[in-house]
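Accompanying notes for the structure given below.
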Amino acid sequence: MGNGRRIRKFLSLSAKVMIGLLLIVDVYPIIWMFLNSFRTNNEIYANPIGLPKSFDFSVFAEAWVKADFGRALFNSFYIAFFQVVIIVAAASLSAYALTILNVRGKNIIYNVIVSLQVVSGQIILIPLFALMRDMGLLDHLWANILSGAALSFPLATMIFKGGFQSIPRELYESAVVDGCSDMRFFLKMVFPLAKPTFSSVVIYHALFSWNEYLFALTFLRSAKNRTVTTAIQVFFTQWQANWTQLFAILCLALIPILILYIFLQKYFIAGMVAGAVKG
Amino acid sequence: MKKKGVKAVIPYLYFLPMAILLAIFVIYPLYSLVATSFTKWDGLSAKEFIGMKNYVKAFRSEKFWYSMKLTFVWTLLSILILQPVGVLLSVIVEYVVKRRRASGVMRVLFFLPMLMSMVAIGLLWQLIYNPSLGLLTSVLSKLNLIDIMNPPNLLGSRSTVLAAAFIPTIWQWSGFGMILTSAAMMSIPSELTEAAAIDGAGKFNQFFRITLPLLMPTIFLGMTINMIGAFKGFDMLYAMTAGGPANYTTLTSIFIYKLSFTENKFGYACAVSVILILIVIVFTMIFNAAGRKIDERFT
């Protein structure tokens, strides 16, 4: 009797230790990144895993200036903002027509859109690059906005379609009888009823756009058009030996998203799940 | 009559913005990709039609096959490891940890790496793996597991680079697998497990007999997502190793990028892209079919 209890206690204790270790392994790289951004290069060279002696925030300011980080933040924000606006507007209208309006050939249209999901940015990178050059969009933020939005449409349409399906069609039919136009029904009924779906699409695609790298690397060649991802990558090649600042720039890249995540945690997770499940 | 015709067209206008952008930025490039794959093109001068030569070249190229092999291994690792680790984390967070506050905090922490861009992750892990100043060297030498005078360069040697490069992927994507699994767990009606508990089934049996089978479609979905992600695996590896050392981490996607943007072999690179998308399509079809089977079987 006593033995069984002792075994159980031992098991629960060892489980706790294991979980604790797992958490440390999981979170420590990020803690290490933050701590070392407050330590001088000499301190890091002497001992890479020590604690900072003081918290001097000027290193962030220095890295910010050297990387022209304000501009990179603005560029990333500009791309994500307009991309998400286009994705939400175009994909929600299509999904609305696919689920609620009377459209013939719905299935065919939907299948065509969905099948385009196998096309990734990587696959069509070369022809897109040539197209951007021919259109004079190379090294222009709108190259990334438009191509990124187009490639996101299939997934976004699927997410919207899933969200709109729970809106009863009788609602639409009776509204039509009352003389409500399709567009009005969309704005006054569909949008408020499907708000969680809209927020999922916004979060998922904003995060995706914010972290995008390949198009930024390929289309946006000049320094003034760097996004956060390309800016930190260039910073790493330019300041290789300055470890304090390498850590600082990584922190700077994470902090904006971290702040949003803290406030919008529930929506972040819901958005990621919706993006995955409908994909 | 005419008015009716116009009215029938109106709903199709809702597709217009999407259709235009898809046509210009997805469908036309796709066509152009296939067309260019039959040409010799340096990116600037006129394309020269050379038939199947690019494809023949690819199939005879050792580098191409090596990149394919690497892509397969990378994809297989992604399918087999990422989602199961996610399920494990989810079980810990939802089952093993009893206090709700604690599991809430853990959920947030395990998900944290998902917020970083894959580029930032590649760069951070480059620092972690640094043989002289990295986190790993420091910790292992403090534990007396390695000789500080002769630390291993995990990203620099052929035998370790692939495993070392894959670990950050686990670090990031297991958090995603966890939230996916946890969301599915929450949608399982609690009556099912409660009924089993009344019938005398222990926690262990409840999980393996009831919860896990119901989670199968979600687990498989996670695997499919990781499969697709693996084929896209470019950002992190390119930032961390740029395909090196030599070409030991040159996935097909990195191979294509280097062919086009450093060697200016655009026609050849297009042919390799066409081969890659065909493989992705086959894999996607297999996974979709299998997914439907699993859905039928477990729900």
Would you pick out the residues in segment A:132-147 that are at the interface with chain B (Cβ under 9 Å from one of its Cβ atoms) and within 25 Å of B:Leu251 (Cα to Cα)?
-> A:Ser147
Top-ranked residue of segment A:243-257 - restricted to ones that are facing another protein chain (nearest Cβ under 8 Å) and either over 17 Å from A:Glu212 (Cα atoms) or at pLDDT below 90 (or both), ranked as surrounded by the fewest Cβ atoms within 10 Å (Cβ to Cβ) = A:Trp243
Hits in segment A:85-142 - residues which are over 24 Å from the mean Cα position of the chain (by Cα), within 30 Å of B:Ala35 (Cα to Cα) and polar (S, T, N, Q) | A:Asn107, A:Asn111
Starting from segment A:15-30, keep only residues that are farther than 14 Å from B:Val139 by Cα, then list their pairs with residues that are modelled with pLDDT of 90 or more and outside any helix (DSSP H, G or I) whose Cβ atoms are within a distance under 9 Å, requiring at least 6 positions of separation or different chains.
-> A:Ile30/B:Met116
Restricting segment A:96-123 to residues that are in contact (Cβ under 8 Å) with a residue 24 or more places away in the chain and among the hydrophobic types (A, V, I, L, M, F, W, C), the one surrounded by the fewest Cβ atoms within 10 Å (Cβ to Cβ) turns out to be A:Val114
Mind checking which pairs have a first residue in segment B:100-111 that is at the interface with chain A (Cβ under 8 Å from one of its Cβ atoms) and a second that is loosely packed, with under 14 Cβ neighbours inside 10 Å, Cβ under 9 Å, 6 or more apart or different chains?
-> B:Val108/A:Ile262
When residues of segment B:242-256 are limited to those that are surrounded by fewer than 23 Cβ atoms within 10 Å (Cβ to Cβ) and not polar (S, T, N, Q), the one farthest from B:Ala269 (Cα to Cα) = B:Pro245
Among the candidates B:Thr160, B:Thr169, which residue alone is among the β-branched types (Val, Ile, Thr), surrounded by fewer than 16 Cβ atoms within 10 Å (Cβ to Cβ) and more than 11 Å from chain A (Cβ to nearest Cβ)?
-> B:Thr160
Residues of segment B:285-299 satisfying the condition of being more than 12 Å from chain A (Cβ to nearest Cβ) and aromatic (Phe, Trp, Tyr) | B:Phe298
State whether the residues of segment A:227-242 include one that is of a type outside the set (Gly, Ala, Ser), more than 10 Å from chain B (Cβ to nearest Cβ), surrounded by 23 or more Cβ atoms within 10 Å (Cβ to Cβ) and not in a helix (DSSP H, G or I).
-> no
Find the helices (runs of 4 or more DSSP H) located wholly in segment B:1-91 whose residues include 1 or more that are loosely packed, with under 14 Cβ neighbours inside 10 Å and out of contact with any strand residue (DSSP E or B) (no Cβ under 9 Å at 6 or more places or on another chain), and list them.
-> B:2-9, B:16-22, B:28-36, B:53-60, B:62-77
Within segment A:125-136, is there a residue that is surrounded by 17 or more Cβ atoms within 10 Å (Cβ to Cβ) and part of a loop (DSSP other than H, G, I, E, B)?
-> no
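Each row is one residue, and each column tells you yes or no for (1) of a type outside the set (Lys, Arg); (2) outside the structural domain of A:Ala231 (by TED's automatic domain parsing); (3) at pLDDT 95 or above.
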{"residue": "A:Ala15", "(1), (2), (3)": "yes, yes, no"}
{"residue": "A:Gly20", "(1), (2), (3)": "yes, yes, no"}
{"residue": "A:Thr40", "(1), (2), (3)": "yes, yes, no"}
{"residue": "A:Tyr45", "(1), (2), (3)": "yes, yes, no"}
{"residue": "A:Asn75", "(1), (2), (3)": "yes, no, yes"}
{"residue": "A:Ile79", "(1), (2), (3)": "yes, no, yes"}
{"residue": "A:Arg104", "(1), (2), (3)": "no, no, no"}
{"residue": "A:Gln117", "(1), (2), (3)": "yes, no, no"}
{"residue": "A:Leu125", "(1), (2), (3)": "yes, no, yes"}
So, of the residues in segment A:187-202 that are among the hydrophobic types (A, V, I, L, M, F, W, C) and crowded, with 22+ Cβ neighbours inside 10 Å, which turns out to be farthest from the other protein chains (Cβ to nearest Cβ)?
-> A:Ala194
Counted residues in segment B:32-55 being modelled with pLDDT of 95 or more and within 8 Å of chain A (Cβ to nearest Cβ) come to 3
May I ask you to list the residues in segment A:148-161 that are among the aliphatic types (A, V, I, L, M) and facing chain B (nearest Cβ under 10 Å)?
-> A:Ala149, A:Ala150, A:Leu151, A:Ala156
Of these, A:Phe208, A:Phe160, A:Phe198, A:Phe191, which one is assigned to a helix (DSSP H, G or I), under 22 Å from B:Ile24 (Cα atoms) and assigned by TED's automatic domain parsing to the domain that holds A:Ile79?
-> A:Phe208
Tell me which of these A:Ala63 doesn't satisfy, since it passes every other one: (1) more than 19 Å from A:Ala274 (Cα to Cα); (2) at the interface with chain B (Cβ under 7 Å from one of its Cβ atoms); (3) among the small types (Gly, Ala, Ser).
-> (2)
Kindly check whether there is at least one residue in segment A:68-77 that is more than 7 Å from chain B (Cβ to nearest Cβ), of a type in the set (S, T, N, Q) and exposed (fewer than 14 other Cβ atoms within 10 Å of the Cβ).
-> no
Residue list for segment A:137-147, restricted to those being surrounded by fewer than 18 Cβ atoms within 10 Å (Cβ to Cβ) and in a helix (DSSP H, G or I) = A:Trp142
Which numbered condition B:Ile148 misses (of (1) in contact (Cβ under 8 Å) with a residue 12 or more places away in the chain; (2) more than 20 Å from A:Ile30 (Cα to Cα); (3) in a loop (DSSP other than H, G, I, E, B)) | (1)
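The values are calculated or read from the model by the stated rules, or taken from the named source; none is laboratory data. Only a predicted model underlies this, so the values are computations on that prediction, with no experimental measurement involved. Neighbour counts run over all protein chains shown; Cβ positions are idealised from the backbone, glycine included.
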